[in-house]
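Note sheet for the following structure.
The values are calculated or read from the model by the stated rules, or taken from the named source; none is laboratory data. It should be emphasised that the depicted structure is a prediction, and the values quoted were computed from it without experimental measurement. Cβ coordinates were reconstructed from backbone atoms using ideal geometry, including for glycine residues, and neighbour counts include every protein chain displayed.
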Amino acid sequence: MRNFILFLLPIILTYTWQTAFCQNRPAPPIFTPYSPVSPNLNQKRNWNNLLPISPTNVFMSQRDQFQKVNQELLRQQQQAESIRSRDREDDVAYNRIAYLRVQQQYRQAFDQIMGMDGDNFSITKAVFLVENVFYDNCLSFAEYIKTIKAKTDLCKQIMKSENLNPDNDLAKNYAIQKLFSGRAKIFDKHTKSWQPVKPFRYDFEDFRAEKDWTRMFVVKLLNSGTGQCHSLPLLYKIIAEQLNTTAWLSTAPEHSYIKFPSGNGNIYNFETTQGKIVSDQAIVMSGYITPAAIKNKMYMDTLGRQQLIAQMLVDLLQGYKEKIRGYDLFAEEIADRILVINPNNIMALMMKADMTAFRFEYSANNIGRPPIGKLPEFPELFKLYNERNDLYDRIDNSGYQAMPAQAYQQWLQSLKEEKRKQESEKLREEIKRMVMSPNKPILINKKN
């Protein structure tokens, strides 16, 4: 009977998981091939009361009573262990099915992102794929696009209200920045008055998404109006794509921001978490950007299409890791692909190093942890050992320095200092002058 139920379980789950998961998503399955399965043994059973011990015969000798009680206790223990064993098998089977379903979903998302390689790549679609698969493919793409379009239309209204050329790249970036800065106003036809556009705000709660991974998501930003240095620059990039203008994603330690062209050959930085233009010096002030990291184009570089695809795969891999609570061979496949596309992607390097180190430790423990001098006697283990060390060397030579959460918060605060504020205002006014300059084809011809 139990085997028949196990046979039916995958069929039943296939027809019911979409509705059930979308309405009330359970906790992610706890299963990875790299660690022992830990099934939930907190069953709704009282193991001590499965078979109550019968009252002993008062005429039995004390020794007979003792043996009788022990036999009964042993029988109960065996019965309980038998039930535990069956439940353990059932839990493993369920977790295995859930794990394979998650892996299949993520592989489909991975294939779709890789299928967008080339001119058909869309950051708007890629971000949706990454976030939708974490939600068990329960998000509505139509609603997502509708919300994005509303933000894009606001930017168009900003350009129209300031009489800017809607085809000019600098004017488009200027409008997006006003949307993020809180300085934007649009004319309300119903009230016949200018109304301020509510800006996006920085979400200081769990800004590293250590408790809730969805805090990294653009859909969370669109729903709540709050985000952080991951979701805010992505939304800027998405709106720029919808406006068909140039803006690049760029990275710093534990951070990302936007770079955009001025039209006169210069490239400026826009800090989406602050809603203002900042200098390269302000970015470097984090203290965790080394000359080697800049030279290796790890930080402060404009991410081209291939690098952006690699970054989307990093987001996919991180979500997958959170979903299955660990790594598996598919996770390694994603990391390997990222490093083929962009060998300098520090997040992929570190995750690949973690996976290799874990596999080395696991394999070494299984054969009694031989000393380093004897590793060549175990070719597969020795290969893992060398691969792990090579990855560590690549990370060390890249110029990477870890940035503690406290240091990141202090750096964000430093961007608000008066000197930096004055510098930012100066840069903003410079951009505004270029946007409004009558010598540049940015203002709409008022005769038209």
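Yes/no matrix, rows are residues, columns are (1) within 27 Å of the chain's Cα centre (by Cα); (2) in a loop (DSSP other than H, G, I, E, B); (3) touching a residue at least 60 places away in the same chain (Cβ under 8 Å):
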site: D136; (1), (2), (3): yes, yes, yes
site: L139; (1), (2), (3): yes, yes, yes
site: K146; (1), (2), (3): yes, no, no
site: D153; (1), (2), (3): no, no, no
site: I186; (1), (2), (3): no, no, no
site: Q195; (1), (2), (3): no, no, no
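Here is the figure for the range 315-357: residues that are of a type in the set (K, R), buried (at least 22 other Cβ atoms within 10 Å of the Cβ) and at pLDDT below 90 total 0. You will find that of T251, T245, the residue that is among the β-branched types (V, I, T), buried (at least 17 other Cβ atoms within 10 Å of the Cβ), in a strand (DSSP E or B) and modelled with pLDDT of 85 or more is T251 and no other.
Yes/no per residue for (1) among the aliphatic types (A, V, I, L, M); (2) outside any helix (DSSP H, G or I); (3) surrounded by 21 or more Cβ atoms within 10 Å (Cβ to Cβ):
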{"position": "T214", "(1), (2), (3)": "no, no, no"}
{"position": "L222", "(1), (2), (3)": "yes, no, no"}
{"position": "L234", "(1), (2), (3)": "yes, no, yes"}
{"position": "F260", "(1), (2), (3)": "no, yes, yes"}
{"position": "G263", "(1), (2), (3)": "no, yes, no"}
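If the condition is being under 19 Å from M216 (Cα atoms) and part of a helix (DSSP H, G or I), then the range 320-349 contributes Y320, K321, E322, K323, I324, I346, M347, A348. Does I158 meet the test of being more than 30 Å from the chain's Cα centre (by Cα) and not in a loop (DSSP other than H, G, I, E, B)? Yes, satisfied.
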